[in-house]
Amino acid sequence: MKSNTRVVVIGGGVVGVSTLYHLAKLGWSDVVLIERKELTSGSTWHAAGLLPLFNLSYSVGQMHKYSVGLYSQLEAETGQAVGFHQVSNIRLACTEDRMDEYRYYAGVAKTLGVQVDFLTPEQVKDIWPLCDITGVIGAIRHPQDGYIQPADLTQALAKGARALGATIYRQTVVTGISEAAGGGWIVHTDQGDIACEHVVSASGNFARKTGAMVGLDVPVIPVEHQYIVTEPHPAIQARKAAGLPEMGVLRESDASYYMREEAGGLLLGPYEIGAPACYVDGPHPDSEYELFQEDLDRLAPYIDAAIARVPAFGEVGAKRIYNGAIAYTPDGSPIVGPAWGLKNFWLNEGHSFGVTAAGGAGWQLAKWIVEGEPSIDMMGVDPRRFGPYAHQGYLIQKNEEAYAKVFSVHYPDEERTAARGLKRSPCYERMRDLGAVFGTVFGWERPNWFAPKDYQLTDADLAKPDVLLNENHPEAVGGEPVRERWSFRRSNYFPYVGAECRHVTEKVGLLDMTAFAKFEVSGPGAAAWLNGLLTNAVPKTIGRLSLSYLLTKDGGVRSEFTVLREAPQRFYLVSAGALERHDYDYLVKALPTDGSVRLEKVTTQYGVFVLAGPRSRDLLSKLTRADLSNAAFPWLTAQTIDVGAAHAKALRVNFVGELGWELHHPIEMQTYIFDKLFEAGAEFELKPFGIRAMDSLRLEKSYKLIPRELSIEYAAFESGLDRFVSLKKPGFVGKDALLAWKASGFNSAAVTLEVHDVTDADARGSEPIYANGQLVGRTTYGGFGWRVNKSLALGMVRPDQAVLGARLEITILGKTHPATVIADSPFDPENTVLRD
């Protein structure tokens, strides 16, 4: 066994072997994979081998697309058969909401370059003659989709990796991992130790055990997945004898199963409610090619649905039932990228669709390791999107939920109910009593919108279609009425969000933004460090604010920070709540080693209220002795003020484009401040507003978010951040690359669009943008602007199309709408309201 290597990959399933292959493909031939048993002996061997291109996630969609392309060429490259059957797949739709999901996805697919065809029920019958099309209203088909033999694929990747110089050790158990004294890692095995620069954990069902070796609580727990293989069916055998093509993979999404041909019979794989988490404490050390006892009772409703749709399935006996573990995360997407708090330790775990994602995940992780960054935005699969709250109890509930909802309609406004109420700001009950309908971010509960007193949807409003997967609203919990119906279109909350927007614009509103990530940076080197890290000049005056960005080394946008100078050597940084672990990890890893800078995460020490609207100054003046006049307290400054007997850092800034303040207060004082604000605010008609109103208001200001308009894929200047990038500074992370990128020419430009002829469906983000029928970009966000009374969208387009007045088209749920490029900030473009 080698004693030194550049990278050690732990885990010999398809994901680990793909990572090894791609590292070698990029020229790092001195790399090693360690597998405790035999290759594929974990979940890979019993996988059904499906290759679903369908995915609403931009990151995952890119990875799946790459995988299918790679697998179609791998046999020619390696000489090893992979058993790739490119037979296409068909996804049935039995409800209008499902068709809307497919229409939305087709737009996403267009921007990814993935072909999607819409089928009538009759066309489904032509392709899948054994399918009863009763109740089917339409379908989509991926011609490039199909299935593959997972073991053969893994062996082909292994052969390719070895041919490029990589080494694979089987029957070798990792017993521990420790940090080397001079940097790097030592991987301890029962065959000896290996020193290396990088470690990649791709250990599947063992992910939590591997993570524990280095102190990581990896947010992965597997769930049992069953599928049935039948005996041969005469009709399928007759088709094969006649030389007819395979019927492809059939997915009845509304009944939560997939089906395909298998050895003259059929293979049925349901995703059932009630499938339990497994290997909660990790598999047994001797686990190999392991299956669980099947549970047919759990499968019964799905078997009945399959027989109704494909009667032939009920005409033959079951040859074998597989029940094996599949790794899951709380949102069902994998974790691919750097581990938090550790240098050069990487995760490629949590792959519920591991065979499909393996190629793309290995490709991007290898690029991340070798080149320093992935080439596509990986925020949707970044391991740091979960925080410390995602511990074992949370994971069991959320992962079982994610499994059961694989085939559910993925509404853009869906808020799932498992493991809710975990992180609550102190004003939670007060907001609830005011009608808050809550959503979550990074485990925090926060109001999405506010329903009127005693508001609830009627039985007619909540009527569900007669299919197995028919959830179109959140479950009623604790006797609470159902107040929201999910949709891809304007739903029941639309007018109430509009009322919130108008109230903030005309009077004054309060928004709970306690979930903001918050950090304190201090020390004699703090200012110089921040100046060398972020794009904008650090404020020189105590009490001044700036908006600044952390770029990648290539000039793309990684993170956004509000920076407040509180003292000569102390700064207060605020960033997106969803990115707390992500942003903190990058800051920690960038700290100087000489002790001149101290960094502290203070998120839970401070609550945040946004007080905004034309009457906000009058209201706040009743509670403080501070002079809130524009002369004494101008825009983009901050002061510590009294709020009654309490105090807060009052920041004259907000994300809604109105006069107002962010009040960052000691969290133990939150309910006191809340009550005082509403007591004093009665005469000014203070009302709460939620995140959906904030999103509408920020859209009218063309304010940009990570990872929508801001991304590692776009140069900071492409996203329109010119005024926040100080080129006068001697240097900051990514500056030289950004200037080189600018010199070579940009491929995209950020635009604000007015969308015309909209009646019931605004852009959501990821819709394709066309010019004269040619794809020229994609939307990043969209919605209705209540202050300007227009349907709006933000997007990234070809620079030649980013011209004021340019006429474009946007496809929304299958309908093409004319759109016009308009100036940024259609509401208050001169920021008069903010500055007054």
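How many angstrom separate the Cα center of segment 1-70 from the Cα center of segment 321-391? Value for the Cα centre distance between the two parts: 11 Å. A 1.4 Å probe run over the chain, with the rest of the protein chains in place, finds 36 Å² accessible per residue. A simple charge model with +1 on the Cβ of Lys and Arg, -1 on the Cβ of Asp and Glu and nothing else charged puts the dipole of the chain at about 2240 debye relative to its Cα centre. Rounded to the nearest 20, the size of the Cβ-charge dipole of segment 167-220 about its Cα centre is 220 debye, with Lys and Arg at +1 and Asp and Glu at -1. Residue by residue, segment 403-419 carries 3J(HN,Hα) couplings of 5, 5, 9, 3, 9, 5, 5, 8, 5, x, 9, 5, 10, 6, 9, 5, 6 Hz when phi is fed to the Karplus relation 6.51 cos²θ - 1.76 cosθ + 1.60 (θ = phi - 60°); x denotes Gly or Pro.
Sorting 345-357, 470-482 by average packing, meaning the other beta carbons within 10 Å per residue, from highest down gives 345-357, 470-482.
Which of the three applies to segment 429-472, rounded, prolate or oblate, going by the alpha-carbon gyration tensor with a ≥ b ≥ c and a/c under 1.5 meaning rounded?
Values: a/c = 4.49, a/b = 1.52, b/c = 2.95.
Oblate is the answer for segment 429-472, as a/c is 1.5 or above yet b/c matches or exceeds a/b.
Given contacts defined as C-alpha pairs under 8 Å and at least six residues apart, what's the relative contact order of segment 676-751, whole-number percent?
On the way: 22 pairs, mean separation 22.5, N = 76.
In percent, rounded to a whole number, it is 30.
Relative contact order for segment 177-312: what is it in percent, counting Cα pairs under 8 Å that are at least 6 residues apart?
Values: 168 pairs, mean separation 27.5, N = 136.
Result for segment 177-312 is 20 percent.
Ignoring ligands, DNA and RNA, please state the percent of accessible area on segment 395-478 from carbon and sulfur, probe 1.4 Å.
Here carbon and sulfur together make up 46 percent of the probe-accessible area.
Here the Karplus curve 6.51 cos²θ - 1.76 cosθ + 1.60, taken at θ = phi - 60°, turns the phi angles of segment 131-139 into couplings of 8, 7, 8, 4, x, 7, 9, x, 6 Hz, with x standing for Gly and Pro.
Of all the Cα-Cα pairs you can form in segment 49-196, what percent are over 21 Å apart?
Working: 6638 of 10878 pairs.
The calculated P(r) of segment 49-196 puts 61 percent of pairs beyond 21 Å.
With a 10 Å radius around each residue's Cβ, average the other Cβ atoms per peptide and rank 97-106, 565-574, highest first. Numbers along the way, then the final one.
On the way: 97-106: 21.8, 565-574: 18.6.
Ranking, from highest mean packing down: 97-106, 565-574.
Above 38 Å, the calculated P(r) of the chain contains 43 percent of its Cα-Cα pairs. Working ranking of peptides 649-661, 419-431, 390-402 by packing, defined as the average number of other Cβ atoms within 10 Å per residue, highest first, is 649-661, 390-402, 419-431. Taking Lys and Arg as +1 and Asp and Glu as -1, the other residues whose beta-carbon sits under 11 Å from that of Pro447 total +1.
Charged neighbours of Ala81, selected by a Cβ distance under 14 Å, balance to -2 (K, R count +1; D, E count -1). Derived from the Cα gyration tensor, the three semi-axes of the equivalent ellipsoid of segment 676-796 are 32, 24, 10 Å, largest first.
In a simple Cβ point-charge model (Lys, Arg +1; Asp, Glu -1; nothing else charged), segment 588-653 has a dipole of about 140 debye relative to its Cα centre.
Nearest 5 is fine: what % of DSSP beta bridges in the chain come out antiparallel, could you say? Antiparallel: roughly 85 percent of the beta bridges in the chain.
Could you tell me which of the pairs Lys65/Lys405; Lys790/Lys815; Lys649/Lys742; Lys110/Lys518; Lys398/Lys453; Lys343/Lys742 are separated by over 27 angstrom between their Cα atoms in the structure shown? Don't skip to the end; give the middle numbers.
Values: Lys65/Lys405 22 Å; Lys790/Lys815 18 Å; Lys649/Lys742 38 Å; Lys110/Lys518 38 Å; Lys398/Lys453 31 Å; Lys343/Lys742 31 Å.
From the list (Lys65/Lys405; Lys790/Lys815; Lys649/Lys742; Lys110/Lys518; Lys398/Lys453; Lys343/Lys742), the Cα-Cα distance tops 27 Å for Lys649/Lys742; Lys110/Lys518; Lys398/Lys453; Lys343/Lys742.
Would you calculate a helix-derived [θ] at 222 nm for the chain, using -39,500 (n - 2.57) for each DSSP H run of n ≥ 4 and dividing by the full residue count, to the nearest 500? Numbers along the way, then the final one.
Values: 19 runs with 209 residues, N = 836.
Dividing the helical sum by the residues of the chain leaves -7500 deg cm²/dmol.
For segment 738-836, a/c is not less than 1.5, where a ≥ b ≥ c are the root eigenvalues of the C-alpha gyration tensor, and a/b does not top b/c. That puts it in the oblate class. Across q = 0.16, 0.20, 0.21, 0.22 Å⁻¹, segment 1-61 modelled as identical point scatterers on its alpha-carbon atoms has Debye log10 I(q)/I(0) values of -0.66, -0.88, -0.92, -0.95, in the order of the q list. In the distance distribution for segment 450-498, Cα-Cα pairs more than 18 Å apart total 31 percent.
If I take every Cα pair under 8 Å that is 6 or more residues apart in the chain, average their sequence separation and divide by the length, what percent do I get for the relative contact order?
On the way: 1960 pairs, mean separation 97.3, N = 836.
With pairs under 8 Å counted, the relative contact order is 12 percent.
Per residue, the Cα convex hull of segment 471-550 amounts to 218 Å³.
The values are calculated or read from the model by the stated rules, or taken from the named source; none is laboratory data. Only a predicted model underlies this, so the values are computations on that prediction, with no experimental measurement involved. Here the Cβ is made from the backbone with ideal geometry for all residues, glycine too, and neighbour counts use every protein chain on show. Note: accessible area is taken over every heavy atom of the protein model, side chains too, but ligands, DNA and RNA are not part of it. Shrake-Rupley method; radii C 1.70, N 1.55, O 1.52, S 1.80 Å.
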